[in-house]
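**Q** Please see the structure below; I have some questions.
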Amino acid sequence: MGQKIDLGLIRTIRRKKKISQFEMAHVIGLKYGNAYGKYENGKYPFKAEQLFKLSEKLEIPLEKLFIKDSSKIEQKQ
């Protein structure tokens with residue numbers, strides 16, 4: 001039922017691979033590098049095609065970009 005994007009994982013892997021925000025902006029089709037930061041910080045949602053391109057650039061499976069919604073676990077407590 002709801003899945004969220006693991007923005008922290010995206011940021012961590014991007015930094016480990018020494019990929020700039022400007023380069024990531026280019027990968028997902030943005031004109032300006034500073035706009036990418038707004039996506040990575042959750043101010044703008046990534047589109048499906050952008051997530052696919054991110055997974056390719058970061059060399060991780062697409063499904064790893066998602067966190068499963070833990071609301072069911074929280075309700076049981």
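**Q** Open to solvent by 90 Å² or more (accessible area, probe 1.4 Å), among the aromatic types (F, W, Y) and either modelled with pLDDT of 95 or more or within 11 Å of the chain's Cα centre (by Cα) (or both): which single residue out of F46, F52 fits that description?
**A** Only one candidate qualifies: F52.
**Q** Oh, and also: Can you name every residue in region 1-24 that is open to solvent by less than 100 Å² (accessible area, probe 1.4 Å), touching a Phe, Trp or Tyr at 6+ places or on another chain (Cβ under 8 Å) and among the polar types (S, T, N, Q)?
**A** Q21
The values are calculated or read from the model by the stated rules, or taken from the named source; none is laboratory data. Fair warning: this is a prediction, and the values are worked out from it, not measured in the lab. Positions of Cβ are backbone-derived with ideal geometry, glycine not excepted, and every protein chain shown enters the neighbour counts. Keep in mind that these areas ignore ligands, DNA and RNA; they rest on the heavy atoms of the full protein, side chains included. Shrake-Rupley method; radii C 1.70, N 1.55, O 1.52, S 1.80 Å.
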